[in-house]
Every structure is written in structure tokens, then in C-alpha cells.
Amino acid sequence: MPLLGVVLAAGLPLGGCAPLAPTVTTPAASASAATWLDCDYGRCATVAVPLDPAYPSGRTVDLAVAMRPATQPRKGAIFVHPGGPGVSGRARLATIDRTGLEAYDLISWDPRGVGGSAPLTCLTGVAADAFVALDAAAPGVRADAVTTADAVWSTLRDASQQFSAACRDDDAALVDHLSAADQARDLETLRARLTGAPLRFLGVSEGARIGVAYARLYGANVAAMVLDAPVAATRPDASQAAGFDAALARWGWTARVQAVLDDTWRTSLAVGERTLTRPLAAAGIAALLYPGEGGREALGEALTAAESGDGAPLLAAADAWNGRSSAGDYDGLLGAFRATRCADSPIRTEEAALAAWRQEAAAAPLMGEALGPDLVCVGFPEPTTAVSGEASEVGVPVVVLASTGDPATPYAGARDLAADLPTGVLVTRDGDGHGAFRRGAACVDAAAIGALTAVDAGFAVEPQRC
């Protein structure tokens, strides 16, 4: 279940961060500068980073970077992580509204394992189609009654292990170095080599998680940090599916969605040569919740179609959620997302996966139940000590943006994150939909732009709501 800062994708909160390397060093600003060339994304460059920060002279990963140069007299650069895991930052850079940010270069990159940065390939084609369609329980058997000996569970477990084996067969060393801490160190390398100036950073959804890891590792280097629609980076037990359930309840659609999910659980709907199963129906529903009120009509139409036996609209939304093209190929939303999540997830056994699913189903009886468990991480190497520190070296306000009705990263997670960060300030948008920046809330946009463009480290941002 992808977690993205875009409309048709989503994900689960990830627990913890990866361990500190034995010695954390900041790349020197005098390191060889990247060569910028014209490209489809604006200006492009490649920056090599250590695969394993503990061994800086070992294998490297070439990060694909893009820049949209300032359109007014230049004052600096803002690094942007638009979400994921599994999303190309270069591709999303063009979608960012830069009003108020015209004097700054906007820089983004494909995270390791994605797009142009050592892309990770796991399952694709018909094998991936079969994997994403699998349920964890026989019809009518709820999560609290499932056991690891059940035949349906065993089928999903075996398929999940085939998926994780395919990821490791493609690049096992990369799979072992996809943590938030690894990616935060990548960001520090990019900052040092591309600008050498203190970091100005906008992180959306998954990008906010990377921002938190960066603030803990390199807090003294932060000049401005805005975290929009953050995953519950400091409270990993928060339920994302509960956000989906709450959104459906606000619209009065709980019973309607439950009926569609139960119907596709009992009998999947044929869609050409494929079928809409309960997990795929749930994925399609979640994807169409992302825009908030703007997606309500599309979700209503998809539910109406499913109620009449047509699963095509929900399957199309599920395909977008899973990163499936019309040709049947899958992009990083399927492979890199799951492998990245495993890097920081505490789940390593079937029993832990089942317990986590039961907890999610209890918190979200509708979507938590239907979206199912996470078995891909079973057997992965154990994550060790989480990134230490609470960003105490950050000397500026860390502006946390959130919408009260965000279905994918529930408001409570943002509220808790702002409270946990020593300099966190919560700015709230009243409304539905994933994300708060550029969604019509004047105080949110003003706070974000003011922080990202502040010239004085002593700038202030007040908690506010609009």
C-alpha cells in the first residue's frame, strides 16, 4: 500500500529509522560540483553517494537530480521531496506551484531504488498482478480469527516471500540500504555538493519522514524545514487505515463501502482477463480518497459501478495505487515502496505481521481489515538501533502542515510530530484531502512560504488554523 504525496497512491506509517553509521560525516562543500545539463525535467545532474555510509569508499549509487532554476534574481535553493516511497522526485518537480518561491532554485531527486537512481525491480507483469490481488483470509474470516496455518494466509505468505526474494535477487545490497537514515544522508550529500548552503527543505508525506531523519542527524545544517502531511514519524503505531475509515464515515459511506468490500471478498468481479478482489477494491477506494472532496464524485461513481457488477473503475484506481501501467508493467510504487518500508519496519515474522494486521483491523474495521497484512518484510535482516536524537540542534521552527481530514496521514500524527519536535510548529488546514500546502488555506501557504524564504534564522512561525 504505497504512501505518496500524490493523489492516486498511499501507504502505511513506518516505524523507526535505520541505525547511525559508526561515524557520521558531512560532505565538504568543496566536493566536486555536479554538472547540470538540460533535460526533460529542467536541468539535470547525477550525484554519486555511498551505498553504505559506513563504507564511503565502497560501492556508490548515482542519484538522478533535477532542478527548476529560479525565475527571479536568485536567493538560494529549496530541496523538495514530494512523497513516496517509490515516487520520482524529478517527475513530480514540474507539478510544484512555485508562487512565492520564484527566487529559489527548486531541486528534487529520484531516491535510491527509484527512477533514475539504481531502480529496484521486483515482480512485474502477471506475477505482480497475481500478488496484489491476494487476500489474507477466506471470505467471512476476520483478522482476529485468522491463523498462520490457514491456507489463504499461507498462499499470501508464500507469494510475499517470492516478492521479497525477487527484490533481493535484483539488488540485495541496495535493499539493505533504503532506510530513512540512508536517504537523509543522501540529502546531506546533495546539499553539500550542489549548494553548500544551509538546507531549505520541503518534504511531503514520505518526504516529511526523510526530513525528520535529516533533522535528527544534521539539525545544525537546517535553515528552513516544512513538513506537509507527515507520516507519524515519531509515533509509528498510528493507524493510517483509520484515516480512510474516518473519511468514509464523514461522507456517510461506511455501510456502502463495507458492502462492496464484502461482495468482492465473496466473489471477485471479472474485469477483462483480470478480477477485482477485495484487496484491489480496497486499494482503489483508498486511492480515490486522496483528493478529499475533489475525489468524492469519482469514488461515488466507482462504487456505483461495482455495485452493478462493473469493477473496472476501482481496478483502474488500484492500478494507479500500485504503479501498474496499462501495458501491465509495474513501476517503483510496487517494489521500491515495499523494500523501502521494510528497511525501517519492525515486522520480521509471520506472527508479528498477523499481530500488526489485527491491530490495524481493530483501529479501522473497514479499510484496515480489507487492505490486509504486510508479509513482504518477513525474513529481512533485522533493523537495529533507530536514529537517535530529537532534532535538538535545529535552530529554526520546523513547520508541520496538516489537514484535519487527511485520509492518508491522519491529523493526529502531524499534531503529535509537531509536539515531539523541539522546534515544531503546527499549522492546520480545516478540510479533507491529502496534504495542506497549496490547497486554498491562506495561513498554511503563508507560513510555508515565509519559512522557506526566511533570510533570518530568528524567524518566527505561530501555531494557527484556517
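The values are calculated or read from the model by the stated rules, or taken from the named source; none is laboratory data. Here the structure is a predicted model, which is why all the values come from computation and not from measurement. Virtual Cβ from ideal backbone geometry, glycine too; neighbours counted across all protein chains shown. The accessibility values were calculated without ligands, DNA or RNA, using every heavy atom of the protein model including side chains. Shrake-Rupley method; radii C 1.70, N 1.55, O 1.52, S 1.80 Å.
A few remarks follow.
- In the condition set (1) more than 21 Å from PRO85 (Cα to Cα); (2) touching a residue at least 24 places away in the same chain (Cβ under 8 Å); (3) open to solvent by 10 Å² or more (accessible area, probe 1.4 Å), ALA298 is compliant with all but (2).
- Listed by first and then second residue, the pairs with beta-carbon distance under 7 Å, at least 6 apart or on different chains, first residue in the stretch 351-364 and under 14 Å from ARG157 (Cβ atoms), second assigned to a helix (DSSP H, G or I), are TRP357/ALA143.
- Residues in the stretch 356-382 that are assigned to a loop (DSSP other than H, G, I, E, B) and within 19 Å of the chain's Cα centre (by Cα) were compared, and the one that is farthest from ALA282 (Cα to Cα) is CYS377.
- Of everything listed in (1) without any contact (Cβ under 8 Å) to a residue 60 or more places away in the chain; (2) open to solvent by 40 Å² or more (accessible area, probe 1.4 Å); (3) farther than 30 Å from GLY115 by Cα, the single unmet condition for GLN258 is (1).
- The residue that is farthest from VAL126 (Cα to Cα), among those in the stretch 317-355 that are among the small types (Gly, Ala, Ser), outside any helix (DSSP H, G or I) and open to solvent by less than 20 Å² (accessible area, probe 1.4 Å), is SER345.
- Just one of the listed residues (ALA118, ALA145, ALA64, ALA48) is at pLDDT 95 or above, of a type in the set (Gly, Ala, Ser) and over 18 Å from HIS177 (Cβ atoms), and it is ALA145.
- Summed over the stretch 36-72, the residues that are within 19 Å of ALA91 (Cα to Cα), part of a loop (DSSP other than H, G, I, E, B) and within 25 Å of the chain's Cα centre (by Cα) give a count of 2.
- Flag for ASP135 being touching a Pro at 6+ places or on another chain (Cβ under 6 Å) and open to solvent by 20 Å² or more (accessible area, probe 1.4 Å): yes
- Residues in the stretch 414-466 that are open to solvent by 20 Å² or more (accessible area, probe 1.4 Å), touching a residue at least 24 places away in the same chain (Cβ under 8 Å), over 15 Å from LEU202 (Cβ atoms) and in a helix (DSSP H, G or I): 3 in all.
- Residue check for PHE437: aromatic (Phe, Trp, Tyr), closer than 15 Å to ALA208 by Cβ and under 21 Å from the mean Cα position of the chain (by Cα): yes
So that you can scan it fast, the table gives a plain yes or no per residue for (1) basic (Lys, Arg); (2) open to solvent by 60 Å² or more (accessible area, probe 1.4 Å); (3) out of contact with any helix residue (DSSP H, G or I) (no Cβ under 6 Å at 6 or more places or on another chain):
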{"position": "GLN72", "(1), (2), (3)": "no, yes, yes"}
{"position": "GLY116", "(1), (2), (3)": "no, no, yes"}
{"position": "LEU120", "(1), (2), (3)": "no, no, no"}
{"position": "PHE131", "(1), (2), (3)": "no, no, no"}
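- Taken over the stretch 139-156, the residue count meeting the criterion of being assigned to a helix (DSSP H, G or I), farther than 21 Å from ALA364 by Cβ and not hydroxyl-bearing (Ser, Thr, Tyr) is 1.
- Strands (runs of 3 or more DSSP E) within the stretch 157-275 that include 2 or more residues modelled with pLDDT of 95 or more and under 22 Å from the mean Cα position of the chain (by Cα): 199-204, 222-228
- Among the residues of the stretch 293-352, those that are of a type in the set (D, E, K, R) and closer than 27 Å to ASP170 by Cβ comprise ASP319, ARG324, ASP329, ASP331, ARG338, ARG341, ASP344, ARG348, GLU350.
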